[in-house]
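J.: Take a look at this one; I'll ask things after.
Readers should treat all values here as calculations from the given coordinates under stated rules, not as data from a laboratory. Here the structure is a predicted model, which means the values were calculated and not measured. All Cβ positions, glycine included, derive from the backbone under ideal geometry; neighbour counts span all protein chains shown.
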Amino acid sequence: MIDFEGNIEKLYSIMDKCELCPRKCKVNRNKGQKGFCRTSHKIFIASCNTHIGEESPISGSRGSGTIFFSNCNLNCVFCQNYPISQLGNGREMSFDDLVESMLRLQERGVHNINFVTPTHYGAHIAKAVYLSRKRGLTIPVVYNCSGYESVEILKLLEGTIDIYLPDIKYSRDELAFKYSGIKNYVEVNRSALKEMKRQVGNLTLDKNGIAKRGIIVRHLVLPSIFENTKNALDFIAKELSTDTFVSLMAQYHPANKAHEFKELSRCLTEKEYEEAVKYLEKIGLENGWVQGLNNED
Ligand code: SF4
């Protein structure tokens, strides 16, 4: 039996010396201090809307109820949402409004509540889901994250999250440090993915093909670094299982500061993406999604 109220209390108290993510800034967010994610206890969101661009079991026919938080605990040089994640674009929202927004999205008929860039808001999310459930929220809750997550915090979110939608961005720490300013992404990310899988298992769908519970792992193929993709996919196949649902993303384009890095300053080629898809199939990862490629060198 999960002690939701106890877990919420722990999550809020962790913000006294914030360790809500593996950055462990130890600032007192409850008193208004801000760490790497530039976020105090106040909620800032960039958007709250129906979204149809996610993987088909998430968006379905009626869309995903997306709540997109401002700021982020990463700092990726190629972030395609950097005005939101790094410049903090968004508006303040009260906690009560967050709960009301979730219930309104459900009334609109969306298939799920999809928290995008949720990591630095783990405490707020746990409480908002708990209170929304008491008021009639029945649709699944999606945790749509970069994969740089603390296992201890994920354990406190067990039972709150139905569907994990994490990235596996890097399979070498040098790349994570160079492009996202993190020294220990690989081990932290892999432990987090294993914990997510332990909690919710493989993806399960309802009779209409809509996600009910489980994990979908996303990997954005970066140009010029096939080894990164190969090792990420190997980890999924060997350590999570070959029936894991994988979303192999092709939409890389050189946003934000990517032009400062020669190897990242172009779009992915068709050949590079095809190579990634072939490898995915070769190692038996048959569940999930690959994309068409609209860009070329
Ligand atoms: S959530 Fe923000 S303040 Fe807390 S440890 Fe992570 S980056 Fe630092």
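J.: Once the piece of chain linking residue 96 and residue 134 is laid out straight, how much longer is it, given 0.36 nm per residue of separation minus the C-alpha distance between them?
T.: Values: separation 38, 0.36 × 38 = 13.68 nm, distance 1.37 nm.
Gain in length upon complete extension: 12.3 nm.
J.: May I pose another question? Counting other beta carbons within 10 Å of each residue's own, what order do 21, 37 fall into, fewest first?
T.: 21, 37
J.: For helix 4-14, report the angle its Cα long axis makes with the longest principal axis of the Cα atoms of the chain; keep it between 0 and 90° and round to the nearest 10°.
T.: 70 degrees
J.: If you don't mind, there's one more thing I want to ask. Where does helix 226-235 land angle-wise versus the long Cα axis of the chain, in degrees 0 to 90, nearest 10?
T.: 50 degrees
J.: Between helix 185-200 and the chain, what is the angle of the helix's C-alpha long axis to the longest principal axis, kept within 0 to 90° and rounded to the nearest 10?
T.: Helix 185-200 and the main axis of the chain meet at about 60 degrees.
J.: If you average 1/r across every pair of different Cα atoms in region 1-156 and take the reciprocal, what Kirkwood value do you get, in Å? Don't skip to the answer; put the middle values down first.
T.: Details: mean 1/r = 0.0632 Å⁻¹.
Value: 15.8 Å, from the Cα pair sum.
J.: May I ask you to give the average projected area over all directions of the convex hull of the Cα atoms of region 59-122, in nm² rounded to one decimal?
T.: If I average the Cα hull's projected area over directions, I get 4.9 nm².
J.: Is the shape of region 101-235 rounded, prolate or oblate, going by the alpha carbon gyration tensor and its root eigenvalues a ≥ b ≥ c, with a/c under 1.5 for rounded and a/b larger than b/c for prolate?
T.: Note, shape of region 101-235 comes out prolate.
J.: Right, something else. According to the Cα gyration tensor, what semi-axes, each the square root of 5 times an eigenvalue, does the equivalent ellipsoid of the chain have, listed from largest to smallest in whole Å?
T.: For the chain, the ellipsoid semi-axes come out as 29, 22, 18 Å.
J.: Within 14 Å, Cβ to Cβ, of residue 61, how many net charges do the neighbouring residues add up to if Lys/Arg are +1 and Asp/Glu are -1? Intermediate results must be reported in sequence, preceding the final value.
T.: Numbers: positive: 62, 108, 207; negative: 54, 55, 206.
So the surrounding residues net to 0.
J.: Have a look at the DSSP beta bridges in region 39-195 and tell me what percent are antiparallel, nearest 5.
T.: Antiparallel: roughly 45 percent of the beta bridges in region 39-195.
J.: Once the Cα gyration tensor of region 1-79 is found, what semi-axes does its equivalent ellipsoid get, as square roots of 5 times the eigenvalues, in whole Å, sorted largest first? Don't skip to the answer; put the middle values down first.
T.: Details: eigenvalues 154, 70, 27 Å².
They are 28, 19, 12 Å, listed largest first.
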